[in-house]
Amino acid sequence: MDLREPVIELDCRLCRRRGGHERTRLVKAFGAGVSFAELTRRMTVGCERMNTVEGDQCATYFPCLMERISSCDED
């Protein structure tokens, strides 16, 4: 996990679920090399939108990654 924020936020655009997770705990639980795609899958287990006939409809995202992308666009 190459993001060094002390708390990693995970939000959903559809159901409005939000949560902050300590980076150190995530690394302990899933390993330092875990990808954000894998974290999304593991942390959204039980989401009824993950496995639909139309495919993955879950709208979970990491706001910190969105901020990082938009700051790169400004450069």
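Considering only segment 37-59, state which residues are at pLDDT 80 or above, outside any loop (DSSP other than H, G, I, E, B) and either within 13 Å of C15 (Cα to Cα) or not basic (K, R) (or both). Residues satisfying the conditions are A37, E38, L39, T40, M43.
Do you know which residues across segment 36-56 are free of Cβ contacts under 8 Å to residues at least 12 places away in the same chain and not hydrophobic (A, V, I, L, M, F, W, C)? Of everything in segment 36-56, those that are free of Cβ contacts under 8 Å to residues at least 12 places away in the same chain and not hydrophobic (A, V, I, L, M, F, W, C) turn out to be E38, R41, G46, E48, N51, T52, E54, G55, D56. Across segment 1-36, the qualifying residues are those that are among the aliphatic types (A, V, I, L, M) and not in a strand (DSSP E or B), and the one among them that is modelled with the lowest pLDDT is M1.
The values are calculated or read from the model by the stated rules, or taken from the named source; none is laboratory data. This structure is a prediction, so every number in the text was calculated from the model and none was measured. Here Cβ is always computed from backbone atoms with ideal geometry, including for glycine, and neighbour counts include all displayed protein chains.
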